1. Which numbered condition trips up Leu108, out of (1) free of Cβ contacts under 8 Å to residues at least 40 places away in the same chain; (2) closer than 30 Å to Met339 by Cα?
2. Here are Leu123, Leu108, Leu78: which of them is under 26 Å from His41 (Cβ atoms) and open to solvent by less than 10 Å² (accessible area, probe 1.4 Å)?
3. Within the stretch 157-193, track down each residue that is within 18 Å of Asp132 (Cα to Cα) and in contact with an Asp or Glu (Cβ under 8 Å, 6 or more places away or on another chain).
4. Restricting the stretch 171-191 to residues that are open to solvent by 60 Å² or more (accessible area, probe 1.4 Å) and not in a helix (DSSP H, G or I), which is farthest from the ligand (Cβ to nearest atom)?
5. Just to check your reading of the model, which residue among Arg167, Arg150 is within 26 Å of Gln86 (Cα to Cα) and not β-branched (Val, Ile, Thr)?
6. Mind telling me which of the residues Ala95, Ala25, Ala53 ends up being within 13 Å of the ligand (Cβ to nearest atom) and either under 30 Å from Ala248 (Cα atoms) or not acidic (Asp, Glu) (or both)?
7. Inside the stretch 10-25, can you point out the residues that are under 16 Å from the mean Cα position of the chain (by Cα) and open to solvent by 30 Å² or more (accessible area, probe 1.4 Å)?
8. So, in the stretch 81-92, how many residues would count as being away from the ligand (no atom under 14 Å from the Cβ) and either touching an Asp or Glu at 6+ places or on another chain (Cβ under 9 Å) or open to solvent by 20 Å² or more (accessible area, probe 1.4 Å) (or both)?
Amino acid sequence: MTCPRIEVDLSKIRANTQTLVRRLAPRGIAVTGVNKGVCGHPAIARAMLDGGASGLAEARIENVQGLRAAGLTSPTTLIRTPMMSQVDQVVRSCAASYNTEVAVIMALATAATRVGTVHGIILMVEMGDGRDGIPLEQVAGIAQQVTQIRGVALQGIGANSGCLNGRAPTASQMVALSELAAEVEGVCGTLLSVVSGGGSGSLPWAFGDHPTGRINDLRLGEAILLGVEPLSGDRIAGMHTDAFTLVAEVIETGAKPAPFPIALPDLFTEHGCSTPALGASTRMILALGHQDTDILGLSLPKGLTVIGATSDHLVVATHRPPPPVGGEVKIRMNYTALMHAMAAPDINVIPMGDAPARPSRPSHGRAELLAPA
Ligand SMILES: *Cc1c(COP(=O)(O)O)cnc(C)c1O
């Protein structure tokens, strides 16, 4: 098989989705599978749906078009407020989108009317994250405006938290979101079908022993893909953290004169990696570099230590006999490393494990997903 490659165990993606769906269902919360971290890979999206996700969410319209091209017809919501320049594509590929700008909602309405559809609008509420969102006190007014625009339908509200500022939502913020749902319904006279309480960072809140109120959806990416709670980095009980494996090939091995010619980046020591006893170790080079992934987000097998990286080389120290040239090293990735590697043009994505019934098309990184819809 080609290197570098990402092996994806689809059965673990499905199992992780299932675990979250089962834990959240008794709290009245459905799981929307967020696929942006894997560039909207269709086989991974299918595994989320097979695991019980009620729908899919994407940040980029190109990813949605890739899903559609691969034959996925399930409801897919755009979770980044649409670009004005893409409203025509958005109304064609997505039944609904999260929005924060009235001007964009108007443009979506015009575009939807033009193609004879009605586009669903979920208003993103700013709850202290400082990224996208409408200030809480303006939401009801904008919601009322939306209900009066032909071509769009108000479907719900959603909160964003922890994305930018890394702070988990508080129980009182979630109560405020529930109260806002009731207020919007009172003002608009329509029922909101979606009250979305955030992403994986909202899981500790959702698992807590307090009422979940009106919140009936979470948009989960990292938790499903990597089995961790993103703000703490902790593994979620019962979840697989090894659905993805980055496999890189050894292109050179052997002792190098100490000291190494490459300075050890400070960042590695700051991140808790041990400094190898440089003189005593064997060195090897993997065909992997900054162009492929976020090197700081990689975890190598025990006994291997990253010395440094350039655009195309990863220099590794080992105290054990290294694999021969042409051998392979299996590497774990955090979310940022995964996201970059999935988008890297030279990395093949190999879906494995208990694959869903319908075969997925062979995939070659992001390029395949950009095929015209
Ligand atoms: C990325 C994103 C999510 C998913 O976040 P995870 O931490 O990966 O679960 C949810 N909502 C929005 C708006 C996002 O941009």
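1. Of the numbered conditions (1) free of Cβ contacts under 8 Å to residues at least 40 places away in the same chain; (2) closer than 30 Å to Met339 by Cα, the odd one out for Leu108 is (1).
2. Values: Leu123 fails: under 26 Å from His41 (Cβ atoms); Leu108 fails: under 26 Å from His41 (Cβ atoms).
Exactly one of Leu123, Leu108, Leu78 is under 26 Å from His41 (Cβ atoms) and open to solvent by less than 10 Å² (accessible area, probe 1.4 Å), namely Leu78.
3. Gly158, Asn160, Ser161, Gly162, Cys163, Leu164, Asn165, Arg167
4. Going residue by residue through the stretch 171-191, those that are open to solvent by 60 Å² or more (accessible area, probe 1.4 Å) are 172, 175, 179, 183, 186-187, 189, 191.
Those still in the list that are not in a helix (DSSP H, G or I) too: 189, 191.
Values: Gly189: 27, Leu191: 22 Å.
In this case the residue turns out to be Gly189.
5. Numbers: Arg167 fails: within 26 Å of Gln86 (Cα to Cα).
After ruling out the rest, the residue left standing is Arg150.
6. Values: Ala95 fails: within 13 Å of the ligand (Cβ to nearest atom); Ala25 fails: within 13 Å of the ligand (Cβ to nearest atom).
Of the residues listed, the single one that is within 13 Å of the ligand (Cβ to nearest atom) and either under 30 Å from Ala248 (Cα atoms) or not acidic (Asp, Glu) (or both) is Ala53.
7. Of the residues in the stretch 10-25, the ones under 16 Å from the mean Cα position of the chain (by Cα) are 10, 12-14, 16-17, 20.
Selection gives Lys12, Arg14.
8. Initially, the stretch 81-92 is screened for residues away from the ligand (no atom under 14 Å from the Cβ), giving 83-92.
This time we only want the ones that are either touching an Asp or Glu at 6+ places or on another chain (Cβ under 9 Å) or open to solvent by 20 Å² or more (accessible area, probe 1.4 Å) (or both), so: 83-86, 88-89, 92.
Selection size over the stretch 81-92: 7.
The values are calculated or read from the model by the stated rules, or taken from the named source; none is laboratory data. Everything quoted here is computed from the prediction, not taken from an experiment. So basically every Cβ, Gly included, is an ideal-geometry build from the backbone, and we count neighbours across all protein chains shown. Please note that ligands, DNA and RNA were not included when accessible areas were found on the heavy atoms of the full protein model with its side chains. Shrake-Rupley method; radii C 1.70, N 1.55, O 1.52, S 1.80 Å.
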